[in-house]
Each structure stands twice: as structure tokens, then as C-alpha cells.
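The values are calculated or read from the model by the stated rules, or taken from the named source; none is laboratory data. Note that the coordinates shown come from a computational prediction; the quantities given were computed from them, not determined experimentally. Positions of Cβ are backbone-derived with ideal geometry, glycine not excepted, and every protein chain shown enters the neighbour counts. What goes into the accessible areas is simple: the full protein's heavy atoms, side chains included, and nothing from ligands, DNA or RNA. Shrake-Rupley method; radii C 1.70, N 1.55, O 1.52, S 1.80 Å.
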Amino acid sequence: MFKNSLIEKILIDQEIVDKKTLDKLRTDAKNKGKKLHNLVVEKKIIPEARLYETAAQILKLPFISIKNKIIRKDILFLIPESIAKTHNIVAFDLDNKDLKIATLDPDDIQTIEFIKKKTDLNIIIHLTTPKSLDEVLKQYHKGLKAEFQDITKTTQSDIDETSKDLKELAHDLPVIRIVDTLLEYAIFEGASDIHIEPSEKEVLVRYRIDGILKDVMTLPKNAQQGIIARVKILANLKLDEHRLPQDGRFKIKTEQYKVAFRVSIIPIFDGEKIVMRLLNESSQILTLEQLGFQKHAFNTVKANIDKPHGMILVTGPTGSGKTTTLYTVLNLLNTPKVNISTVEDPVEYRMPRINQSQINPKVGFTFAGGLRALLRQDPDIIMVGEIRDLETAEIAIHAAMTGHLVLSTLHTNSAVATLPRLQDMGIASFLISTTTNLIVAQRLVRKICNNCISSYNLTPESIKELEERYNIGSVLQTLTDEEIITSPNISIKELLFYRGKGCKQCNNSGYKGRIGIYEVLEITPDIQKLIMQKASTIEFTEATNKQKMLTLFEDGFIKAKNGITTIEEILRVTKE
């Protein structure tokens, strides 16, 4: 959007207001939390069209009013709808290799560069008005409806009769364009999952972005069969199978990105629901520092992964980043001197020099069977995707006893809860105490958008909620120990916290990206004694407090105080 200096120049140079009035407008905009250019248009100090035309002259850009312009669908759809709406930018004309775009923000270089790479065209930027742009954005909706009417000329009964009709439908150009656009939106928006959910009268499309599901668009019911057929073709699944779940995968590779899509299709009451997990294969594996470990926890993890044998467990619910943590550790251990083998479900990321196997229960290749086979492959380090049953747990523990370093995951809510969970599975206490080196519990929290970050003090209501659920005195003592604050006697009312106001870069959510919060429990001699005694969770918790182990909430609170995430986000993910 326009900088205030540009708006001020226009207002003064055009003699629309004097300096005194301009100062008043500045103060008014600041108090109301509005942009100056929005305020002057809203107060009718200058007509919108004149403001943007003058700005275009100063910026030496062509101005265009596209309010009543009907844009060809093939040109309009060169920029996906979600990008057009989020970044206030549309394509309106194409002349040989020149793509003409209209925007409200000519300084949004990142988006303009993305469009240039995606289309391989020369971009000519025009400035337009918000009203003009809003009218053109409506054409996306009209365009989609027209597409879907073309797709479903065949009646629903004809579609269901033979797989030949489904094949034709899946290769229909409008269907291909719709599915391609859905996939492209998801990649550009950084989604981790795409949900395509049929209901009685329509089809809902949702993306999971930074761990939160968001509605993206609602499609007409008669588009359902074409979209499902297209996804099945891409994932090499059976087109005529509608009664059983199916799993598959496919890849999209361009110069800009390489993404694998893991497809799951399941029959539901109103059709077949599709969920696609996006795995960005071109993304770099993170380092331990980038994962977000605090200093003491980082040193503990580093010391334990350097041990030649024993077991390291990463715990947390589905989608808490356990696999990413394991891959990060494997990447550190991956040298020519060791043989690393994994058995996973599924293999999410390919890693060079690591022997990765994917389980297949249909043919009897289970975690336990795969792990048993791996032990005959002379491994030094073994990664088991998940310990789900007693058999897998026993083999993993015996492997750790016999000179192997074993990495795995488990579904428990905290690091301490992992120990009784293993005992409940039937593992002998002396085996748990002698083989387990380290337990890491984790969650993923959304990071505050750096573009719109602002500080604030907690309200009395927020403080009351925190005090009801947590020992705030203990948390403040932890902040003092970690040298975040100078004294535990500081009132929580005085502490500054941070949040995102919401901007274009974060889709007005106030968040962009995610980071981990962790509990790192080292199995010391004191913890080993408690395991042997089958101690209660309370006794384990007292012992971890003596070891100065940060809890998930304490780690999150430190990150909130440091402006990485928000208190609300920490409360959301640490609720039991």
C-alpha cells in the first residue's frame, strides 16, 4: 500500500489540505488504527480515483480503471484467486509476452516476481483503485461457475455408469485447471493439507495453514465427480472404486518448487472425501537451533544424540512436528562412518545415504517385522517411525540394549507421561531405565508475523486465567533463571508481550510460520530409580523440577515473552 509520505505529498502539492489539517488527519488515522490513504478517501477529502491517478503519475506508472472491464478467463486465471485477493493484484491483458497486471501495491516485489516466474512473461505494472479491483475479483467467482457448468454437462447418473465417463471427466481441461489451481494455491499459501469435503449441496475446500484449518472456497455439487476423478488419476488410484478407502501419492515439480502430495480418499455419506498432505521436498532440513530449543535443552539433546547406543523418544500428538525433529537429528548423525536405516509410515522426506523403508501391513511388512529385518542389516542407528504396540517396543528396546542408537516416536501428552505409558504397554521397568537416554515432548505453535508485530500488557482477565491454570510464581522464577527477566518479584502485569495486528503478508491472521515448544527429559540416575520404583507422575514431576526441566508451558511462555509467539497460542496448544 501507499506510504504516508506519498499521500501527504499528493494532499499538499494538489493544495487539497493545509499542513495543520494534514497533522490532524495523521493523528486521527493513528488513533483509529487506519491507513492515511483509507481515511482521506473515507472522509471524502479526495476522490479515490483522483488519489490513485495522482499517485500513478508520481510513481511514473500507467493508471487503469478496470471496473467495467470483462477479462478473458485464461488471462484472469494466470493469477490464482487466493493470490489475487490476498495481494490485491489481477491480470487483465496479455499481448505476446507482455502480461499487464493491475495492483494497489506496486512495491509488492515478492508477489510480482512470483507471477513473473510462474507465467514466464514480462510483467507490466498498472495502478488501479480498490473499488475497481473489487469488481474484477468478482469475475473469479463468475468464471468458476461457468467452468463448472461446462464440466458437468454430463448428468450425474451418466458419470456413475462407467469408468470411461470418469476418465473423460478427469482429463477435461476445465477440471484440470480447477484442480491445478487448488494445488497451486496450497503451495503458495504454505498449506500442509488440502481437504476436499463433499456435503449434501456443495463441496467445501479447506487448507490447513500453520496448523489451523481455513475455508478456501465452496464449489458447486456438480463439480464433485470431476475433481475426485482428477485427483484419482494423478494419484494412480482406481476410478471406479467408491466404497473403500484408497491411498496414493503424486509429485509436482517446477523450477520454483518440488512438492509431493500424499493422497487419502475415504467414502463418506455425501461422496468421497479427499485429504492431500503436502510434503515440500525442496525445503531444507532444519538445524536443532532452528527448531527452537532453549540453551539448556539444546545442550541436553546434543549430548544424548552423540551417545553410541540407547533410545531417544519424541512424543506428542499427530501434527506436532515429531517427524521433523527426528529427521533433524538423523541429519546430524548422517556421516559416512555409520549405517542409518529407518522403517517409516510413510516415508515423508527422502534423505541421501539413509536406507528408508516404508511399512506395508497388507503384505505383512509391519513396524515390528521391518525392525526385526533391519537388525540383520548391520545398522548403527535405527529410526522407527512410531512405537504402536508391545512387539515393536520390545524389539526397539532390545536393539538399544545391544549397541544400537534407536530413535522413535510415541503418542503421549508430556515427557513424563511417556514412562508410565511404556510400563502400561508391558515393558519391564529395568529395561526402560537402562535403555532410554532422552524423551522430548513437543508441540508446534504459530509464530507472530514480523511485519505487523506490536506489544501489549496482559489484561486482568488473561492474568486470572493464567493464574487459575498455572503456577505463575514458578514460571516467573524460571524466566529469572533463564535471564529473561531480572527478578521473579516483577509483577506479571508489568511484562510486555507481543501479538500480530494482522496484515496482507499473514492474511490478517497475525501469524506466519511455526516453531516448536519442548520438554526435554534426560534419564538421569535419579529418574532411573523412580522408573524402577514405578513412581507416580507427581513424583516424576518433582524430580524433573529438581533437574530444571522446562515444561511445555514454560518454554512457550519464554517464547511469548521474547516476541516469537503469543500467550493465546501457548494456551491453545498446551490445554490438556
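Given a cut-off of under 8 Å on Cα pairs at least six residues apart, what relative contact order in percent is computed for the chain?
Values: 947 pairs, mean separation 51.8, N = 576.
Value for the chain: 9 percent.
Once the other residues with Cβ under 13 Å from the Cβ of Ala368 are scored (Lys, Arg +1; Asp, Glu -1), what is the net sum? Provide the component values of the computation, followed by the final result.
On the way: positive: Arg372, Arg388; negative: Asp345, Glu386, Asp389, Glu391, Glu394.
Overall, the nearby charge balance is -3.
Suppose a student asked you for the relative contact order of region 1-113, using Cα pairs under 8 Å spaced at least 6 residues apart; what percent would you report?
Result for region 1-113 is 19 percent.
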Exercise for the section: Can you tell me which of 9-20, 293-304, 174-185 comes out highest on packing, and rank the rest after it, using the mean Cβ neighbours within 10 Å? Expected result: 174-185, 293-304, 9-20
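Could you calculate the FRET efficiency of Ile12 with Val275 from 1/(1 + (r/R0)^6), where r is the beta carbon distance between them and R0 is 45 Å, rounded to 0.05?
Details: r = 56 Å, r/R0 = 1.23.
With a Förster radius of 45 Å, E is 0.20.
Sort region 54-129 into rounded, prolate or oblate with this rule: let a ≥ b ≥ c be the square roots of the eigenvalues of the Cα gyration tensor; rounded if a/c is under 1.5, and if a/c is not under 1.5, prolate when a/b is larger than b/c, oblate otherwise.
rounded
For the chain, with all protein chains present and a 1.4 Å probe, just round the carbon and sulfur fraction of the accessible area to a whole percent. Can you show the working numbers first?
Values: 13890 of 28610 Å².
Roughly 49 percent, rounded to a whole number.
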Handout entry: From phi via Karplus (6.51, -1.76, 1.60), per-residue ³J(HN,Hα) for region 16-32 in Hz, x at Gly/Pro
Key = 7, 9, 8, 5, 5, 5, 4, 4, 5, 5, 4, 4, 4, 5, 5, 5, 8
Completion exercise
Note to self: with every protein chain in place and a 1.4 Å probe, the chain gives an accessible area per residue in Å² of 50 Å²
Exercise for the section: Give the percent of DSSP beta bridges with both residues in the chain that are antiparallel, rounded to the nearest 5. Expected result: 65 percent
Fill in the blank from the handout: With Rg from the Cα atoms and Rh as the Kirkwood inverse mean 1/r over Cα pairs, region 370-420 has an Rg/Rh of 0.98
Practice task
Tabulate in residue order the Karplus-calculated ³J(HN,Hα) for region 541-551, using 6.51 cos²θ - 1.76 cosθ + 1.60 with θ = phi - 60°, rounded to whole Hz; enter x for Gly and Pro.
Solution key: 4, 4, 5, 5, 5, 5, 7, 6, 6, 6, 7
Exercise for the section: Search the structure for amide H atoms under 5 Å from the amide H of Ile523, placed 1.01 Å from N in the peptide plane, and list their residues when 5 or more places away or on another chain. Expected result: Leu438, Ile439
Problem - Between 0 and 90°, nearest 10: helix 390-401 axis offset from the chain longest Cα axis - result: 70 degrees
